[in-house]
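Engineer: The structure's right below; bear with me while I get my questions together.
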Amino acid sequence: MPIKVELPHVGESVTEGIIGKWLKKPGDRVEKYDPIAEVVTDKVTMEIPSPATGRITALLVKEGDTVAMGAAIAEMDTEEAAPAKAASITPAVGRTGVLLKDVRPVGPTGSGEEPVLSNAEASPLPSQSPAPVTSSERSGLPAGDGEGGRQRYSPVVRRLAEDHQVDLGQVQGSGLSGRVTKEDVLHFVETRKGATQATASTPAPGTQPAPDEEVLPLTPMRRIIAENMLRSATQIPQAWGYVEADVSSLVVRREGAKQEFLRREGVDLTYLPFVIKAVVECLKERPLLNSTWAGERIILKKRMHIGIAVAAPHGLVVPVVHDADHLSISALAKTCRDLTARARENKLTLADVQGGTFTVNNTGALGSVLSQPLVNPPQAAILTTEAIVKRLVVLPGDAIAVRSIMNLCLSFDHRVMDGAEATGFLSSLKRRLEAIGPETPLY
């Protein structure tokens, strides 16, 4: 029986993916759950398994194409009965080989619990029966019209429009009374993308490579990073600042404990877990930095999921330390080591990269001493910790000493907070790091 293979919905914050590589071709026979394609999303790379046993008859999209979640990507003839409509969402397999067919939609909190706020409609769990769909839900609008006849859009429509920079006034609605649906927005995005690609196929003057130049095609990961950074730079009004922290006592604490810690725990004790521990304490004092901009309101995140930027061979990824405020320095060290290792081996799962509420980027590991990071949407702030360098400083009483200095750089969404709030966070972080000493507990 012929069926279509769809790109699975793996989480409400993931709306599209790039076909990185086809693992099967037309005519190939596949068993149920055999991987047939690699798909790159802005969260993680995953394999799409066959929903049934049969033979691939057609590939509907090319490698490198961007496809909306839920769209058909291939056709196949199966040797099984047609699946029920409720089971039409195909399973996904993580790069670690873990079957993701039972993935629970993850909200902004990064857990299976009800999120503080969802800007998109959550899919029902496999064990739940979907609630009846009202006409307003089908149309993409809450029940009733907006004030003065002005259209009001559903959360999922607004979220898609924001993610893809779509002016909803330009979208032709196909719902009840011409209201805009999720499918209308996705169709508008695909149509616009096709027009852009057609225009881009004709090289602009001066963009043709010279004989002594080389063209590097964009990998799917590089393209996604570029899109995310463009979104950050164009949609978020960002400001930044930095402070100098005297971390001489932190250096002494770490040096004195690292050999025994390595012997006991089997992982290196770096500066990053000390920083994360101080960051979550500061976020408790300054909750605006652990929030997100949501159009006409600001959403404070009650849980603290700290993203750690990792420069992996295939591109920048940001795995997340979930509920970091509940972890000791020892637990943070082991968690960061595990996430970093799997990021560099391209073995992160979708759950590893979802739900971040604040990002820490250890640019100092690369030798940087001062940087201006870009906020990681939809978060409100990002911190970089720079290289620790020896400097001459003036102490109280005008004494001069050689101290270990680390620059702490913070970029923030100026819609969410002002400089006083951001500077207060930096000052608090500086104070906490400078207070670390021989008695600071690791467990």
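Engineer: Looking at this structure, is ASN407 closer than 29 Å to ALA226 by Cα and crowded, with 18+ Cβ neighbours inside 10 Å?
Structural biologist: So ASN407 fits the description; yes.
Rundown of residues vs (1) assigned by TED's automatic domain parsing to the domain that holds GLU31; (2) more than 20 Å from GLU31 (Cβ to Cβ); (3) touching a helix residue (DSSP H, G or I) at 6+ places or on another chain (Cβ under 8 Å); (4) at pLDDT below 75, yes/no style:
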| position | (1), (2), (3), (4) |
| --- | --- |
| GLY54 | yes, no, no, no |
| LEU60 | yes, yes, no, no |
| THR66 | yes, yes, yes, no |
| ALA72 | yes, yes, no, no |
| ASP77 | yes, no, no, no |
| ALA82 | yes, no, no, yes |
| LYS85 | yes, yes, no, yes |
| THR90 | yes, no, no, yes |
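Engineer: Pairs needed: first member in the stretch 52-79, over 12 Å from PRO8 (Cα atoms); second member anywhere, of a type in the set (S, T, N, Q) and loosely packed, with under 15 Cβ neighbours inside 10 Å; C-beta distance under 9 Å; at least 6 residues apart or different chains.
Structural biologist: ALA74/THR57; GLU75/THR57; MET76/THR57; ASP77/THR57
Engineer: Inside the stretch 241-291, can you point out the residues that are under 27 Å from the mean Cα position of the chain (by Cα), farther than 19 Å from MET406 by Cα and not in a helix (DSSP H, G or I)?
Structural biologist: Correct list: VAL267, ASP268, ARG286, SER291.
Engineer: Restricting the first residue to the stretch 269-282 and requiring it to be touching a residue at least 60 places away in the same chain (Cβ under 8 Å) and closer than 16 Å to PHE358 by Cβ, which pairs with a second residue that is small (Gly, Ala, Ser) and buried (at least 22 other Cβ atoms within 10 Å of the Cβ) meet a Cβ separation below 7 Å and a spacing of at least six or different chains?
Structural biologist: Every condition considered, the pairs that remain are PRO273/ALA333; ILE276/ALA324.
Engineer: Can you tell me which residue is modelled with the lowest pLDDT among those in the stretch 223-237 that are of a type in the set (A, V, I, L, M) and either assigned by TED's automatic domain parsing to the domain that holds HIS414 or more than 13 Å from the chain's Cα centre (by Cα) (or both)?
Structural biologist: ALA226
Engineer: Looking only at the stretch 32-53, filter to residues that are part of a loop (DSSP other than H, G, I, E, B) and under 17 Å from ALA72 (Cβ atoms); which one of those is farthest from the chain's Cα centre (by Cα)?
Structural biologist: Among residues in the stretch 32-53 that are part of a loop (DSSP other than H, G, I, E, B) and under 17 Å from ALA72 (Cβ atoms), the one farthest from the chain's Cα centre (by Cα) is ALA52.
Engineer: Among the residues of the stretch 381-393, is there at least one that is buried (at least 19 other Cβ atoms within 10 Å of the Cβ) and closer than 29 Å to VAL39 by Cβ?
Structural biologist: yes
Engineer: Now, a different point. Which of the residues spanning the stretch 307-351 are surrounded by fewer than 21 Cβ atoms within 10 Å (Cβ to Cβ), among the small types (Gly, Ala, Ser) and out of contact with any Leu (no Cβ under 8 Å at 6 or more places or on another chain)?
Structural biologist: Matches in the stretch 307-351: ALA312, GLY315, ALA331, ALA341.
Here is a yes/no grid of residues against (1) among the polar types (S, T, N, Q); (2) under 30 Å from GLN165 (Cα atoms):
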site: ILE236; (1), (2): no, yes
site: GLY241; (1), (2): no, yes
site: SER249; (1), (2): yes, no
site: GLN259; (1), (2): yes, no
site: LEU272; (1), (2): no, no
site: ILE276; (1), (2): no, no
site: ASN290; (1), (2): yes, yes
site: ALA333; (1), (2): no, no
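The values are calculated or read from the model by the stated rules, or taken from the named source; none is laboratory data. Keep in mind that this is a model prediction, so the values were computed, not measured. Note: ideal-geometry Cβ built from the backbone for every residue, glycine included; neighbour counts use all protein chains shown.
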